[in-house]
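The block underneath contains the structure these notes are about, expressed in structure tokens.
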Amino acid sequence: MRGLETEITEEAQKLIRRFENYARGLADEHQRRSRRTTLSIPPLSLRRPLYWSLARGFDPYEVRAAADCIAHAITAKVSQKTYTPYVPFRHFVAKAGGGLREVCVFQVADSAVSRIIYDQLRCV
């Protein structure tokens, strides 16, 4: 079985990769537009997800840097049977057919713990 620190680091890496792919795509599109027109193009506007600024546990860059400390703290809480996940960030996304869908985003470490438990339950 892999360690909690490894799982937290990999979850953070996945989110970082996703964000950097978004940023790269945005930069490529900006560069294509600037080559194709002589008109002024608005400056590049890279947006970090809103919830990254709500708590350090949502920002995968900060979580990756502190993965060992976070894993140690979670392991201690689990052994003392006091671990509870943090409250997720909830937002709504418009559905194609109308209406709204509620989306919950958990902190990076809580997502890693959830993945570990899911994988253990699936193998039983």
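Please treat every number below as a calculation from the coordinates, not as lab data. This structure is a prediction, so every number in the text was calculated from the model and none was measured. Because the Cβ atoms are built from the backbone with ideal geometry, glycine has one as well, and the counts that use them run over all protein chains shown.
Brief remarks follow.
- FRET efficiency for E10 and Y51, using Cβ-Cβ distance with R0 set to 22 Å, rounded to 0.05: 0.65
- Label corresponding to semi-axes √(5λ) of the Cα gyration tensor in Å when calculated from the structure given, among (1) 35, 18, 14; (2) 18, 16, 15; (3) 22, 16, 14: (1)
- Using the average count of surrounding beta-carbon atoms within 10 Å as a protection proxy, the listed peptides 34-45, 77-88, 50-61 rank, highest first, as 50-61, 77-88, 34-45.
- Once the Cα atoms are used to define both axes, helix 108-123 deviates from the longest principal axis of the chain by about 60 degrees.
- Taking label positions 7 Å along the Cα-Cβ direction at both R32 and E62, the computed distance is 3.5 nm, reported to one decimal.
- Here the contact order of region 4-123, divided by its residue count and restricted to Cα pairs under 8 Å and six or more residues apart, works out to 33 percent.
- The calculated FRET efficiency for the pair N21 and L121, based on their C-beta separation and a Förster distance of 30 Å, comes to about 0.50.
- In terms of the mean number of neighbouring beta-carbon atoms within 10 Å, the peptides 91-97, 105-111 order highest first as 105-111, 91-97.
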